[in-house]
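Peer 1: First, the structure itself, so that you have it in front of you.
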Amino acid sequence: MTMALTTENTVVGFIGIGVMGKSMARNIMRGGYPMHVYTRTKASADELLAEGAVWENSVAALAAKCDVIFTIVGFPPDVEEVYLGEQGILAHVRSGSYVVDMTTSRPDLAARIAEAAAKKGVHALDAPVSGGDIGAREARLSIMVGGDKESFEAVLPLFQLMGKNIVLQGKPGSGQHTKMCNQINIAAIMMGVCESLAYAAKSGLDPATVLKSIESGAAGSWSLSNLAPRIIKGDYAPGFYVKHFIKDMTIALESAEAMGVDLPGLALARQLYSKLAAEGGGDDGTQALFKLYS
(Lines give C-alpha, C1' and ligand atoms only; values in the text may rest on other atoms or scores of the structure.)
Protein backbone atom coordinates (compact mmCIF):
# COMPACT_ATOMS: atom_id res chain seq x y z
CA MET A 1 0.00 0.00 0.00
CA THR A 2 1.53 3.33 -1.07
CA MET A 3 1.42 6.37 1.19
CA ALA A 4 -1.16 9.02 0.26
CA LEU A 5 0.41 12.03 -1.46
CA THR A 6 -0.78 14.93 0.70
CA THR A 7 0.10 18.62 0.71
CA GLU A 8 2.00 18.01 3.97
CA ASN A 9 4.26 15.17 2.79
CA THR A 10 4.65 15.82 -0.95
CA VAL A 11 6.89 18.26 -2.79
CA VAL A 12 5.90 18.52 -6.47
CA GLY A 13 8.26 19.35 -9.31
CA PHE A 14 7.19 20.58 -12.74
CA ILE A 15 9.52 20.65 -15.75
CA GLY A 16 8.32 22.56 -18.84
CA ILE A 17 6.48 25.82 -18.17
CA GLY A 18 4.92 26.51 -21.55
CA VAL A 19 1.40 27.24 -22.83
CA MET A 20 0.08 24.12 -21.06
CA GLY A 21 2.58 23.56 -18.27
CA LYS A 22 2.18 26.97 -16.65
CA SER A 23 -1.56 26.52 -16.05
CA MET A 24 -1.16 22.89 -15.00
CA ALA A 25 1.54 23.73 -12.43
CA ARG A 26 -0.50 26.69 -11.18
CA ASN A 27 -3.53 24.48 -10.57
CA ILE A 28 -1.44 22.05 -8.51
CA MET A 29 -0.12 25.00 -6.48
CA ARG A 30 -3.69 26.19 -5.91
CA GLY A 31 -4.38 22.73 -4.51
CA GLY A 32 -1.89 23.55 -1.74
CA TYR A 33 1.17 21.57 -2.88
CA PRO A 34 4.70 23.06 -2.62
CA MET A 35 5.97 23.51 -6.18
CA HIS A 36 9.51 23.50 -7.61
CA VAL A 37 9.90 24.39 -11.29
CA TYR A 38 12.47 24.21 -14.05
CA THR A 39 12.16 25.23 -17.68
CA ARG A 40 14.74 26.13 -20.32
CA THR A 41 13.70 29.79 -20.42
CA LYS A 42 13.45 31.03 -16.83
CA ALA A 43 11.30 34.03 -17.82
CA SER A 44 8.52 31.57 -18.71
CA ALA A 45 8.28 30.68 -15.03
CA ASP A 46 8.29 34.27 -13.67
CA GLU A 47 4.53 34.32 -13.00
CA LEU A 48 4.66 31.06 -11.04
CA LEU A 49 7.72 32.22 -9.08
CA ALA A 50 5.82 35.38 -8.13
CA GLU A 51 3.00 33.12 -6.92
CA GLY A 52 5.29 31.10 -4.66
CA ALA A 53 6.95 28.42 -6.80
CA VAL A 54 10.62 27.65 -6.13
CA TRP A 55 13.06 27.88 -9.05
CA GLU A 56 15.60 25.08 -9.64
CA ASN A 57 18.59 25.64 -11.90
CA SER A 58 18.54 22.20 -13.51
CA VAL A 59 16.53 19.02 -14.05
CA ALA A 60 18.94 17.19 -11.73
CA ALA A 61 18.51 19.71 -8.89
CA LEU A 62 14.72 19.53 -9.15
CA ALA A 63 14.66 15.73 -9.33
CA ALA A 64 16.68 15.39 -6.12
CA LYS A 65 14.21 17.50 -4.09
CA CYS A 66 10.78 16.34 -5.31
CA ASP A 67 8.49 13.43 -4.48
CA VAL A 68 6.35 13.73 -7.64
CA ILE A 69 7.77 15.15 -10.86
CA PHE A 70 5.62 16.16 -13.83
CA THR A 71 7.11 16.92 -17.24
CA ILE A 72 5.58 18.47 -20.32
CA VAL A 73 8.32 19.31 -22.80
CA GLY A 74 8.51 19.59 -26.58
CA PHE A 75 9.60 16.50 -28.50
CA PRO A 76 10.58 12.85 -27.83
CA PRO A 77 14.34 13.66 -27.85
CA ASP A 78 13.63 16.26 -25.13
CA VAL A 79 11.73 13.65 -23.11
CA GLU A 80 14.60 11.17 -23.54
CA GLU A 81 17.19 13.70 -22.36
CA VAL A 82 15.08 14.89 -19.41
CA TYR A 83 14.49 11.34 -18.15
CA LEU A 84 17.42 9.22 -19.31
CA GLY A 85 20.29 11.69 -19.74
CA GLU A 86 23.27 11.88 -17.34
CA GLN A 87 21.76 15.02 -15.79
CA GLY A 88 18.22 13.69 -16.18
CA ILE A 89 15.49 12.80 -13.71
CA LEU A 90 16.21 9.10 -13.27
CA ALA A 91 19.90 9.70 -12.48
CA HIS A 92 19.00 11.97 -9.56
CA VAL A 93 15.47 11.17 -8.30
CA ARG A 94 14.98 9.41 -4.96
CA SER A 95 13.71 5.83 -4.84
CA GLY A 96 9.97 5.70 -4.15
CA SER A 97 9.26 8.92 -6.05
CA TYR A 98 6.73 9.28 -8.87
CA VAL A 99 7.56 10.60 -12.35
CA VAL A 100 4.80 11.52 -14.78
CA ASP A 101 5.47 12.52 -18.39
CA MET A 102 2.56 14.55 -19.77
CA THR A 103 4.30 15.36 -23.06
CA THR A 104 2.74 13.79 -26.14
CA SER A 105 5.59 11.44 -26.98
CA ARG A 106 6.44 8.02 -28.38
CA PRO A 107 4.68 5.02 -26.80
CA ASP A 108 7.86 2.95 -27.06
CA LEU A 109 9.87 5.65 -25.25
CA ALA A 110 7.27 5.76 -22.46
CA ALA A 111 7.67 2.00 -21.99
CA ARG A 112 11.47 2.36 -21.92
CA ILE A 113 11.31 5.11 -19.28
CA ALA A 114 8.98 3.00 -17.12
CA GLU A 115 11.37 0.06 -17.33
CA ALA A 116 14.37 2.22 -16.38
CA ALA A 117 12.41 3.85 -13.54
CA ALA A 118 11.35 0.49 -12.10
CA LYS A 119 15.01 -0.56 -11.84
CA LYS A 120 15.57 2.46 -9.55
CA GLY A 121 12.46 1.86 -7.45
CA VAL A 122 10.72 4.83 -9.08
CA HIS A 123 7.06 4.78 -10.19
CA ALA A 124 6.58 6.03 -13.77
CA LEU A 125 3.39 7.01 -15.60
CA ASP A 126 2.86 8.38 -19.10
CA ALA A 127 -0.08 10.78 -19.01
CA PRO A 128 -0.55 12.95 -22.11
CA VAL A 129 -3.45 15.37 -22.10
CA SER A 130 -6.08 16.85 -24.38
CA GLY A 131 -8.06 20.04 -24.00
CA GLY A 132 -5.61 22.72 -25.11
CA ASP A 133 -4.79 25.97 -23.35
CA ILE A 134 -8.39 26.47 -22.21
CA GLY A 135 -8.62 23.00 -20.65
CA ALA A 136 -5.27 23.52 -18.90
CA ARG A 137 -6.32 26.92 -17.54
CA GLU A 138 -9.73 25.72 -16.34
CA ALA A 139 -8.39 22.40 -14.91
CA ARG A 140 -10.60 20.27 -17.12
CA LEU A 141 -8.07 18.42 -19.23
CA SER A 142 -8.64 14.89 -20.42
CA ILE A 143 -5.72 12.85 -19.03
CA MET A 144 -4.82 9.50 -20.62
CA VAL A 145 -2.64 7.38 -18.39
CA GLY A 146 -0.34 4.41 -18.94
CA GLY A 147 1.24 2.54 -16.03
CA ASP A 148 0.35 0.36 -13.06
CA LYS A 149 -2.88 0.83 -11.10
CA GLU A 150 -1.23 1.48 -7.73
CA SER A 151 0.89 4.35 -9.10
CA PHE A 152 -2.12 5.77 -10.93
CA GLU A 153 -4.23 5.78 -7.77
CA ALA A 154 -1.42 7.42 -5.78
CA VAL A 155 -1.06 10.29 -8.26
CA LEU A 156 -4.82 10.63 -8.95
CA PRO A 157 -5.39 13.48 -6.41
CA LEU A 158 -2.82 15.54 -8.33
CA PHE A 159 -4.32 14.63 -11.70
CA GLN A 160 -7.69 15.79 -10.36
CA LEU A 161 -6.26 19.28 -9.81
CA MET A 162 -5.47 19.46 -13.56
CA GLY A 163 -8.26 17.56 -15.27
CA LYS A 164 -11.76 16.12 -15.19
CA ASN A 165 -11.64 13.05 -17.44
CA ILE A 166 -8.81 10.89 -16.05
CA VAL A 167 -8.59 7.30 -17.32
CA LEU A 168 -6.01 4.57 -16.73
CA GLN A 169 -5.67 2.97 -20.17
CA GLY A 170 -3.28 0.12 -19.41
CA LYS A 171 0.43 -0.72 -19.21
CA PRO A 172 3.25 1.81 -19.78
CA GLY A 173 2.89 3.45 -23.20
CA SER A 174 -0.91 3.06 -23.21
CA GLY A 175 -1.45 6.71 -22.38
CA GLN A 176 0.64 7.69 -25.41
CA HIS A 177 -1.18 5.23 -27.69
CA THR A 178 -4.49 6.72 -26.52
CA LYS A 179 -3.23 10.24 -27.25
CA MET A 180 -2.35 9.06 -30.76
CA CYS A 181 -6.00 7.99 -31.20
CA ASN A 182 -6.99 11.48 -30.03
CA GLN A 183 -4.65 13.24 -32.46
CA ILE A 184 -5.70 11.03 -35.40
CA ASN A 185 -9.29 12.06 -34.74
CA ILE A 186 -8.47 15.77 -34.37
CA ALA A 187 -6.44 15.81 -37.61
CA ALA A 188 -9.44 14.73 -39.66
CA ILE A 189 -11.81 17.03 -37.75
CA MET A 190 -9.59 20.10 -38.28
CA MET A 191 -9.62 19.52 -42.03
CA GLY A 192 -13.42 19.30 -41.85
CA VAL A 193 -13.76 22.47 -39.76
CA CYS A 194 -11.58 24.48 -42.16
CA GLU A 195 -13.22 23.16 -45.32
CA SER A 196 -16.68 23.76 -43.85
CA LEU A 197 -15.88 27.41 -43.01
CA ALA A 198 -14.20 27.98 -46.40
CA TYR A 199 -17.30 26.61 -48.15
CA ALA A 200 -19.59 28.79 -45.99
CA ALA A 201 -17.66 31.95 -46.81
CA LYS A 202 -17.45 31.20 -50.54
CA SER A 203 -21.18 30.53 -50.78
CA GLY A 204 -22.00 33.94 -49.27
CA LEU A 205 -23.09 32.67 -45.85
CA ASP A 206 -22.01 34.22 -42.57
CA PRO A 207 -19.72 31.56 -41.03
CA ALA A 208 -20.67 32.61 -37.47
CA THR A 209 -24.36 32.07 -38.25
CA VAL A 210 -23.59 28.74 -39.92
CA LEU A 211 -21.77 27.71 -36.76
CA LYS A 212 -24.96 28.27 -34.72
CA SER A 213 -26.72 25.65 -36.83
CA ILE A 214 -24.04 23.00 -37.18
CA GLU A 215 -22.12 22.93 -33.89
CA SER A 216 -24.97 21.39 -31.88
CA GLY A 217 -25.88 18.75 -34.48
CA ALA A 218 -24.14 15.63 -35.76
CA ALA A 219 -21.18 17.75 -36.96
CA GLY A 220 -20.54 19.03 -33.45
CA SER A 221 -17.05 18.69 -31.94
CA TRP A 222 -14.73 20.40 -29.47
CA SER A 223 -12.74 21.80 -32.39
CA LEU A 224 -15.84 23.22 -34.09
CA SER A 225 -17.08 24.90 -30.90
CA ASN A 226 -13.73 26.18 -29.63
CA LEU A 227 -11.52 26.73 -32.68
CA ALA A 228 -13.97 27.72 -35.42
CA PRO A 229 -14.83 30.98 -33.56
CA ARG A 230 -11.09 31.77 -33.41
CA ILE A 231 -10.79 31.13 -37.15
CA ILE A 232 -13.74 33.44 -37.84
CA LYS A 233 -12.04 36.20 -35.82
CA GLY A 234 -8.71 35.60 -37.58
CA ASP A 235 -7.18 34.55 -34.25
CA TYR A 236 -4.40 32.06 -34.95
CA ALA A 237 -2.65 32.35 -31.55
CA PRO A 238 -1.54 28.92 -30.28
CA GLY A 239 -3.59 26.92 -27.86
CA PHE A 240 -1.58 24.10 -29.38
CA TYR A 241 1.30 24.71 -31.79
CA VAL A 242 1.25 23.52 -35.41
CA LYS A 243 4.86 22.33 -35.03
CA HIS A 244 3.87 20.14 -32.08
CA PHE A 245 0.84 18.77 -33.93
CA ILE A 246 3.09 17.75 -36.84
CA LYS A 247 5.31 15.97 -34.29
CA ASP A 248 2.27 14.11 -32.91
CA MET A 249 1.03 13.10 -36.35
CA THR A 250 4.50 11.81 -37.23
CA ILE A 251 4.62 9.69 -34.06
CA ALA A 252 1.14 8.32 -34.86
CA LEU A 253 2.05 7.50 -38.46
CA GLU A 254 5.31 5.79 -37.42
CA SER A 255 3.54 3.82 -34.66
CA ALA A 256 0.77 2.83 -37.08
CA GLU A 257 3.30 1.72 -39.69
CA ALA A 258 5.05 -0.46 -37.07
CA MET A 259 1.67 -2.13 -36.37
CA GLY A 260 0.75 -2.46 -40.06
CA VAL A 261 -2.14 0.04 -39.91
CA ASP A 262 -2.76 2.35 -42.89
CA LEU A 263 -3.99 5.89 -42.00
CA PRO A 264 -4.49 7.82 -45.28
CA GLY A 265 -6.53 10.62 -43.66
CA LEU A 266 -3.79 11.31 -41.14
CA ALA A 267 -1.15 11.25 -43.87
CA LEU A 268 -3.09 13.94 -45.78
CA ALA A 269 -3.49 16.08 -42.65
CA ARG A 270 0.25 15.93 -41.95
CA GLN A 271 0.97 16.89 -45.56
CA LEU A 272 -1.29 19.97 -45.24
CA TYR A 273 0.09 21.01 -41.86
CA SER A 274 3.66 20.54 -43.13
CA LYS A 275 2.84 22.94 -46.00
CA LEU A 276 1.48 25.45 -43.46
CA ALA A 277 4.65 25.16 -41.37
CA ALA A 278 6.83 25.58 -44.49
CA GLU A 279 4.96 28.83 -45.15
CA GLY A 280 5.87 30.13 -41.68
CA GLY A 281 2.94 28.79 -39.64
CA GLY A 282 4.80 26.43 -37.30
CA ASP A 283 4.25 28.63 -34.24
CA ASP A 284 0.56 29.26 -35.00
CA GLY A 285 -2.27 27.35 -33.36
CA THR A 286 -3.69 24.31 -35.15
CA GLN A 287 -6.68 26.38 -36.31
CA ALA A 288 -4.29 28.23 -38.63
CA LEU A 289 -4.76 25.38 -41.11
CA PHE A 290 -7.57 27.61 -42.40
CA LYS A 291 -4.90 29.88 -43.97
CA LEU A 292 -4.42 27.21 -46.67
CA TYR A 293 -8.11 27.50 -47.58
CA SER A 294 -8.29 31.29 -47.54
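Peer 1: Has the range 168-175 got at least one residue that is in contact with a His (Cβ under 9 Å, 6 or more places away or on another chain), buried (at least 21 other Cβ atoms within 10 Å of the Cβ) and within 23 Å of residue 114 (Cα to Cα)?
Peer 2: No.
Peer 1: Out of the residues in the range 241-284 that are open to solvent by 60 Å² or more (accessible area, probe 1.4 Å) and in a loop (DSSP other than H, G, I, E, B), state the one that is nearest to residue 102 (Cα to Cα).
Peer 2: The first filter runs over the range 241-284 and keeps only residues open to solvent by 60 Å² or more (accessible area, probe 1.4 Å), leaving 241, 243, 254, 257-262, 264, 268, 270-271, 275, 278-280, 283.
Narrowing further to those that are in a loop (DSSP other than H, G, I, E, B): 260-262, 283.
Values: 260: 27, 261: 25, 262: 27, 283: 20 Å.
Filtering the range 241-284 for residues that are open to solvent by 60 Å² or more (accessible area, probe 1.4 Å) and in a loop (DSSP other than H, G, I, E, B), the one nearest to residue 102 (Cα to Cα) comes out as 283.
Peer 1: Just give me the residues in the range 58-67 being within 11 Å of residue 15 (Cα to Cα) and out of contact with any His (no Cβ under 7 Å at 6 or more places or on another chain), in sequence order.
Peer 2: 58, 59
Peer 1: May I ask you to list the residues in the range 115-135 that are part of a helix (DSSP H, G or I), at pLDDT below 95 and not acidic (Asp, Glu)?
Peer 2: Kept after step one, since they are part of a helix (DSSP H, G or I), are these residues of the range 115-135: 115-119, 132-135.
Okay, now just the ones that are also at pLDDT below 95, so 132-135.
Residues satisfying the conditions are 132, 134, 135.
Peer 1: Residue 146 is checked against (1) farther than 24 Å from residue 255 by Cβ; (2) buried (at least 24 other Cβ atoms within 10 Å of the Cβ); (3) not charged (D, E, K, R) and fails just one. What number does that condition carry?
Peer 2: Among (1) farther than 24 Å from residue 255 by Cβ; (2) buried (at least 24 other Cβ atoms within 10 Å of the Cβ); (3) not charged (D, E, K, R), the lone unmet condition for residue 146 is (1).
Peer 1: Only residues in the range 189-204 that are over 17 Å from residue 218 (Cβ atoms) count as the first member; pair them with residues that are open to solvent by less than 20 Å² (accessible area, probe 1.4 Å) and outside any helix (DSSP H, G or I), Cβ under 9 angstrom, at least 6 apart or cross-chain, and list the lot.
Peer 2: Partner pairs satisfying both residue conditions: 190/227.
Peer 1: Hey, among 192, 163, 170, 146, which residue is of a type in the set (Gly, Ala, Ser) and closer than 25 Å to residue 236 by Cβ? Walk me through it before giving the result.
Peer 2: Numbers: 163 fails: closer than 25 Å to residue 236 by Cβ; 170 fails: closer than 25 Å to residue 236 by Cβ; 146 fails: closer than 25 Å to residue 236 by Cβ.
Checking each option against the conditions leaves just 192.
Peer 1: Let me ask another. Filter the helices (runs of 4 or more DSSP H) completely within the range 152-228 down to those with at least 1 residues that are under 19 Å from the mean Cα position of the chain (by Cα).
Peer 2: Details: elements: 174-202, 207-214, 222-226.
The qualifying helices (runs of 4 or more DSSP H) are 174-202, 222-226.
Peer 1: Could you identify the single residue in 52, 74 that is under 25 Å from residue 175 (Cα atoms) and either more than 22 Å from the chain's Cα centre (by Cα) or touching a residue at least 60 places away in the same chain (Cβ under 8 Å) (or both)?
Peer 2: 74
Peer 1: Identify all residues within the range 1-40 that are under 20 Å from the mean Cα position of the chain (by Cα), at pLDDT 95 or above and of a type in the set (Val, Ile, Thr); write none if there are none.
Peer 2: Answer for the range 1-40, where residues must be under 20 Å from the mean Cα position of the chain (by Cα), at pLDDT 95 or above and of a type in the set (Val, Ile, Thr): 12, 15, 17, 28, 37, 39.
The values are calculated or read from the model by the stated rules, or taken from the named source; none is laboratory data. Nothing here was measured: the structure is a model prediction, and the numbers come from that model. Positions of Cβ are generated from backbone atoms using ideal geometry, with glycine treated the same way; all protein chains shown enter the neighbour counts. The accessibility values were calculated without ligands, DNA or RNA, using every heavy atom of the protein model including side chains. Shrake-Rupley method; radii C 1.70, N 1.55, O 1.52, S 1.80 Å.
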